[in-house]
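The values are calculated or read from the model by the stated rules, or taken from the named source; none is laboratory data. Everything numeric here is computed off the predicted structure, so don't read it as measured data. Heads up, the Cβs are rebuilt from the backbone with ideal geometry, glycines too, and the neighbour counts pull from every protein chain shown. Just so you know, the surface numbers come from the protein's heavy atoms only, side chains and all, with ligands and any DNA or RNA stripped out. Shrake-Rupley method; radii C 1.70, N 1.55, O 1.52, S 1.80 Å.
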Amino acid sequence: MNIVLGVSGGIAAYKAPELVRRLQDLGAAVRVILTPNAARFVSPLSLAAVSHHGVITDQWGDPAKGGVDHIEMARWAELLLIAPATANVIAKLAVGIADDALTTYSVAHRTAIMVAPAMNWSMLQHATVVQNLATLRSRGVEIIDPESGYLAEGEEGEGRLAAIPAIVERVKMHRGTRDLEGKRVLVTAGPTREAIDPVRYLSNRSSGRMGYAIADAARRRGATVTLVSGPTSLEVPPGVDITRIDTAKEMLEAVMAKAASHQIVIKAAAVADFAPETVADRKIKKPADRGTIELSLRKNPDILASLATVHPRPFIVAFAAETDSVEKNAREKLERKGADLIVANDVSDTTIGFDSDENEVLILGRDGSSVRVERSPKLVIANRILDAVVARLG
Ligand code: CTP
């Protein structure tokens with residue numbers, strides 16, 4: 001695969017040589033174009049050395065060769081990946097400004113484009129950036145969303161360039177397999193919310209990221225995807241049909257109404273095990289005479305257990321969030337829940353899993369198989385789970 005890597009002038013440009021190497025690991029040939037500002041953060045010489053090609057920094061081509069570099073390159077390229085993409089480059093791409101080597105090349109480029117933005121969180125939320133990204137999306141450009149975390153300015157927020165393995169995974173998927181073509185996949189995601197009174201509820205720390213990543217990956221692999229989601233702040237992956245629910249009971253109803261028309265059901269949701277026995281119709285007041293109040297909880301329906309009665313029975317993937325004896329407890333859960341696969345993760349490690357972009361999981365099969373996926377972005381985990389499903393569906 002021939003990739004043109006465009007690097008623009010953000011601090012994350014220093015990651016470009018590593019990105020070139022990891023793309024080469026996929027068997028890709030990579031040629032690099034730098035904006036003048038990118039060359040302040042990363043040396044053209046380093047990129048020439050790792051890519052084994054001259055690096056273009058000037059839009060006027062090479063007089064000695066006589067050719068116009070960007071036209072020749074556009075004939076060669078199968079993918080243009082811009083990482084990191086600054087607010088400036090994103091704006092120029094949206095309106096077609098061609099005033100440096102990268103933006104001129106982008107107008108000449110005729111095949112797929114992927115853009116990985118990186119900037120401060122406040123810039124990412126600016127109306128022009130939001131609008132320009134939407135314009136690019138509507139034109140078929142794939143946006144590789146930035147991560148949350150520490151930013152160069154010492155602040156924390158969304159805007160950090162997506163992790164290199166996540167970018168590489170997206171490139172791999174672009175080239176990739178349509179092995180779920182013709183399949184219908186139902187994914188549940190996020191927490192459920194169980195009302196106590198009109199203003200309070202019981203819930204959990206699930207962000208929904210794992211389920212949304214699975215929905216996104218399954219759709220990119222050709223599946224028709226239905227997502228049943230509890231409350232999250234995530235964007236629905238393009239092309240995915242969404243049903244929003246609040247409570248476990250609503251999730252049960254949505255899943256049971258849809259399961260028989262899906263061949264694969266993946267239960268990534270963190271369903272609340274208990275709900276208040278009664279929901280007060282008025283806000284519960286603090287008792288004046290006591291420091292405690294009692295809340296009586298009733299067990300919620302087990303959605304996975306109900307799935308066992310669906311006909312025709314779909315292929316079922318369960319999740320297990322454990323803090324102790326992860327593999328042993330997950331294996332027991334796999335049997336008890338009658339699932340085909342279970343994805344176990346250790347929720348005692350607070351740096352991964354809940355509310356994080358990364359996770360580390362064990363994928364356990366009914367057949368006794370066990371695959372460990374080391375700490376990786378959730379999109380990578382999603383694809384390894386789908387690989388395990390595809391291998392079993394034959
Ligand atoms: N699950 C479900 N319905 C519930 C509770 C959980 O379908 N009422 C599903 C989850 O979506 C997940 C799997 O069951 O795929 C395991 O969830 P987990 O909370 O780890 O298991 P529990 O059965 O609740 O077991 P425990 O809390 O005792 O560990």
Which order do you get for ARG178, ARG209 if you rank them by accessible area with a 1.4 Å probe, largest at the top? ARG178, ARG209
Shape verdict for region 125-207, please, from the Cα gyration tensor: rounded (a/c under 1.5), prolate (a/b greater than b/c) or oblate. oblate
Net charge around PRO117, counting only other residues with Cβ within less than 11 Å of its Cβ (Lys, Arg = +1; Asp, Glu = -1)? -2
Interchain or long-range residues, amide H under 5 Å from PHE315's placed H: ILE264, VAL265
With springs connecting C-alpha atoms under 10 Å apart, model the chain as a Gaussian network and identify which of VAL171, VAL130, VAL343 has the largest mean-square fluctuation. VAL130
Can you give me the Cα centroid spacing of region 249-285 and region 81-152 in angstrom? 38
Return the single residue from TYR105, TYR150, TYR14 with maximal mean-square fluctuation; model: Gaussian network over the chain, springs between Cα atoms under 10 Å. TYR150
For region 293-382, state which trypsin sites (Lys or Arg not before Pro) are in a DSSP loop and have at most 15 other beta carbons lying within 10 Å of their beta carbon. ARG366
On the principal axes of its Cα set, how long, how wide and how thick is the chain? Give whole Å, largest value first. 83, 56, 36
Ignoring the sites themselves, what is the longest stretch of the chain with no GluC sites (Glu not before Pro) in a DSSP loop and at most 15 other beta-carbon atoms within 10 Å? 295-394
Whole-number accessible area per residue in Å² for the chain, which is evaluated in the context of all protein chains at 1.4 Å: 47
Net charge of neighbours whose Cβ lies under 15 Å from the Cβ of LYS286, counting Lys and Arg as +1 and Asp and Glu as -1: +2
GNM result for the chain, Cα springs below 10 Å: residue of THR323, THR292, THR224 fluctuating most strongly: THR292
Loop-located trypsin sites (Lys or Arg not before Pro) in region 1-95 whose Cβ has at most 13 other Cβ within 10 Å (DSSP): LYS65
For all pairs of alpha-carbon atoms in region 302-382, what percent lies in each bin of width 5 Å, listed from the first bin to the last filled one? 3, 15, 25, 22, 18, 11, 4, 1
Rg followed by Dmax, in Å, when region 2-175 is reduced to its Cα trace: 15.0, 48
Count the net charge of all other residues whose Cβ sits under 13 Å from the Cβ of LYS299, scoring Lys and Arg as +1 and Asp and Glu as -1. -2
Based on the Cα coordinates of region 184-393, what is the per residue volume of their convex hull in Å³? 133
Over what distance in Å are the Cα centres of region 322-370 and region 171-247 separated? 19
